[in-house]
Each structure stands twice: as structure tokens, then as C-alpha cells.
Amino acid sequence: MGTIATGVAKGGAHKILISGANGGTGAAPRDSIYHAGLPLELGLAETQQTLLRNGLRSRVVLEADGKLMDGRDVAIACLLGAEEFGFATMPLIAMGCLMQRDCQQDTCPVGIATQNCRLRGHFSGKPEYVVNFMTMVAEQLRRIMARLGYRTVDEMVGHPERLRQTAPTRSWKAQLVDLRQVLVRGTCDYAHVMPGADCPHFLPSASAPDMLPGTLDATLLIPYTRSARAALTPIRFSVDISNVNRCLGTMLGGVVTRDHPDGLPEGSITVDCTGSAGMSFGAFLPAGVTLNISGEANDYLGKGLSGGVVTVAPPEGTTFRPEENVGVGNVAFYGATGGRGFVNGLAGQRFAVRNSGATLVVEGVGNNGCEYMTGGTVLVLGEVGMNFAAGMSGGVAYVYDGEHTLASRCNMDMVDLEEPDEHDLQVIHELLNEHVRRTTSPLGVMMLYRFKGISGDFVKVMPREYRRMLELTGGFEAQGQSHEQAVESAFETMRGGR
């Protein structure tokens, strides 16, 4: 914990969150709830001591989160080094949560963690309940601070010497625990050369400078597209990028969404990027914005894609075969809700995890592809890794299974492998055409020329419950119901079937 905290503090982080093993909704296996992770106090103490030793503590804010229940828990976390505190479990209880620990089952009896309209009607919580709880925590903390002689939270931060280990009486094993290393304040090795480095809490004057005004979005993309966004005139230009340009396009997307909540017409803003894209390239990109990469991309490409278009292709003159080399990193298009993505090359692990509406084409993926996918369409033109489609409850995936390895690598708990029909083959052919048009993929060109001969090797990955819902929705629409009414009726029918 200390090593990681030191690294991100040197990298310019403004806040570090330390989360303990306790807390959470309980939507996890019982063994994970009771036997995973370590207490908040251990990570917090190590982080505080390591940052202080390296003269970095004054640069960052430490936040503690791990089932803080009352003012006493807040006081302990504060003395160990935390300045901010996260609450979740107790506010949930204040709003009526019974901790049934079945949040993932859609059966919450008090209407908090559910999509069921009938169960939602059971919710009786009020904002005043949470306000009362937080007021109680603040008053209890204020009394503890007065007893210890502190006037402000900043004065109290980072003084573990004010804590003492109590002698347990119920467990002989607990008596063997030695907390002396946890309750050490720590010293700074650079206090003599860095004024203020030995401060045990955050100092605004020592914080890392705000780097956002110097990003490529702020200095180029947003100013250069101002007139195009205002007059809705298409614009296209090129930029050189490197892997230090993280989240490229996200600030531009935010400005577009602010001025045009529904996005821009397709092709309004097109940016051709050359180089190596950094983390989260094109994250949350809205409709009307297209980002093309001539090079490769790091992890989290197109995270939360919300209507835009992201393409990745090797630079011109590349001598290697893109379909045999990794073009984008792990967790590409995580949580995408709309838009389109095309990758001329292989993707890393966890491709299209939690995709709920985007249309994506890639030439091969690593392990855990399409995990927890709930909507959208994914076309994979090559082999997939292990555990493909695990927890996939919606959407459709088409996989070219020329080597016949999909059946052994696909997680069959929630999906079936089917032969595509004529409509599916038409969708695949159209996506191949668009993939070639946007990325000039050699593999895509070859597959288009041989499409009739290889169409039998495509496999449709279809979630069982999703197919059932589509069939029910079509039946209700045939009875004259609107699409929204048909969807609601299908959900009610499926719930009744359980």
C-alpha cells in the first residue's frame, strides 16, 4: 500500500483512497465477505508512514473508507492519517436497508437495490434520516476531539500516538496481536531539505499543480473545434499523440455534451491521431465525435463510450500482420453504452466488459471477453480467450471460429452457441464492410472476398434470458402494445416465471 501510494503521489495524484475489507452491500459469496481483504487501519497506517517518510504526505489528501459506523471510527481513522471519510453501509441502514445481502438478485425487500417497480414501492427512506445520522457522527467526533484537545480535524490528522492498544479479554489469540508498528507516527527523511515535508496532513500549498489546463483537449481539441460545435459544421484535423496523453477526447466530449445533450450529427468532429494512445483514450465519447488512431492504444480504450466512434489501426507501412499482434490493451470499451468501435488488431483481456449498447469489431480478444455484457453487438474476427461471455445477460456476440476453439473457451452458464441465420450473416457482412472502410484491415478485406465460403464458421453467442425477453417483447408488440409497454410486460412475465 505504501509503495503504491508513494508512486501515485509522485505522479501527481491529489487524493488517495484507502478502502478496508469491511463494508459493502454483501452482493458477493459468503467466503469473500468474511475472509477477504484486510482492515482499513493497516493500509491507512502504512500509507501514512510511507508517505511521511518520503516527504510526500503534505501533497495528497488521504480518504478512509471501510464500514465507518460512528464518530469513534472516524476519530481512529483521522488519528491514523485520514482527512476525508467515506460512508455507505450506515447511510444505507439509515434509509431502511436490512442487509439481506442479495443485492444482485433483484429481490431487495425494502426497495433500495432493485429494478422491480413493486419492490421499489416499499422504499420508505428520507434524506432527513441520512442527515440525522451524519449529524450524530459529527457530534460524537466533536466530543472526542474536545476530550483529546483538538480544535480542528487538521490538527488531529496523523497522531497515532494518541491511540493505545486495549487488552482483549475474550480471546487468547487476540492477546498475541502487536499493534506497535501501526501506532507509530513516523518521521520524514527529507525534512532538512524540503520545508513542510514533515507535515502529517495535506497542505494546499504543497499539492501537485493542476495539469488539466495543459492537456491536449484543453489546449487544442476544445479551442480548435469551437466554431464547428457552435455552427454544426464538420471539421477534421490531425494530431500527434503519445501515451502521456491520457483520457484524450474526454474533456472535448464533456463540452459537446454540455452544449448538445443529445450529441452532434455523425462526422461533425473527426480527429486523426498518430502515435501511441494513453490510458482511457476516448472515454465517454459522445455522438458526433470520431477519434481515429494510427498506432496502438493503452488500457481502457473507449471506456464508457456514449455514442462516438473510436478506431485503431497500425501505421502505414507496417510490416507485421495486425491480426496476429495486440493493438489495444486490456479492458477496452468497458461499460460502453453506445457508439461504435473498430480495432484492426488483437485486444487484451476483458474486452467489452459491461457493454450495454455499443457496436464493436475486433480481430481477437484475450480472456474474459464480453464479460457481464448486457447489450450491444460485438464481432470478433479471430480467436477468443478463456471464460468468454461469462455473466453475459444481453446483447449479441458473433465470433469467427475457424479453429473451432470457441466451445471450449466460452462460459456456457448463461449463453448458447448458435448458427447465425440470414439476418445475422447480413449484420456480420455490414460490420465487416464498415470495419474495412474505417481501418483498411487486411483481414477484413480477405474475409469479405471469401465471405460465402467462411460464413459457416461464424458462431452466434446468444444469452438465453435475452432471447426469451426478445421473443416475449415481440409477442406483446404484436398485440398492439407500445415498445415500452411490451418491455415492461416482458419483464413482469419473466419475473412471474421465476
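Structural remarks
- When VAL415, VAL487, VAL461 are checked against the criterion of being touching a Cys at 6+ places or on another chain (Cβ under 7 Å) and more than 23 Å from THR311 (Cα to Cα), a single residue qualifies: VAL461.
- Residues that are closer than 26 Å to PHE388 by Cβ and aromatic (Phe, Trp, Tyr) were ranked within the stretch 452-480; the one that is modelled with the lowest pLDDT is TYR466.
- For MET414, the conditions (1) touching a Gly at 6+ places or on another chain (Cβ under 7 Å); (2) in contact (Cβ under 8 Å) with a residue 24 or more places away in the chain; (3) hydrophobic (A, V, I, L, M, F, W, C); (4) within 27 Å of PRO314 (Cα to Cα) all hold with the exception of (4).
- The conditions of being modelled with pLDDT under 90 and farther than 22 Å from ASN22 by Cβ are met by LEU119.
- Residue list for the stretch 148-165, restricted to those being among the β-branched types (Val, Ile, Thr) and not in a loop (DSSP other than H, G, I, E, B): VAL153
- Matching entry among ARG354, ARG340 (being among the basic types (Lys, Arg) and free of Cβ contacts under 8 Å to residues at least 24 places away in the same chain): ARG354
- Subset of the stretch 459-498 [crowded, with 16+ Cβ neighbours inside 10 Å, over 32 Å from the mean Cα position of the chain (by Cα) and more than 25 Å from GLU418 (Cβ to Cβ)]: GLN481
- Options ASP240, ASP259, ASP272; residue that is in contact with a Ser or Thr (Cβ under 6 Å, 6 or more places away or on another chain), more than 16 Å from GLY341 (Cα to Cα) and acidic (Asp, Glu): ASP240
- Any hit, the stretch 474-485, residues being aromatic (Phe, Trp, Tyr) and closer than 25 Å to LEU379 by Cβ: no
- Helices (runs of 4 or more DSSP H) (entirely within the stretch 69-147) containing at least 2 residues that are in contact (Cβ under 8 Å) with a residue 40 or more places away in the chain: 71-80, 89-94
- Taken together, PRO261, PRO265 contain a single residue that is in contact (Cβ under 8 Å) with a residue 12 or more places away in the chain, surrounded by fewer than 22 Cβ atoms within 10 Å (Cβ to Cβ) and in a loop (DSSP other than H, G, I, E, B), which is PRO265.
The values are calculated or read from the model by the stated rules, or taken from the named source; none is laboratory data. For clarity, every value in this text was computed on a predicted model and none was experimentally measured. Cβ atoms come from the backbone with ideal geometry, glycine included; neighbour counts cover every protein chain shown.
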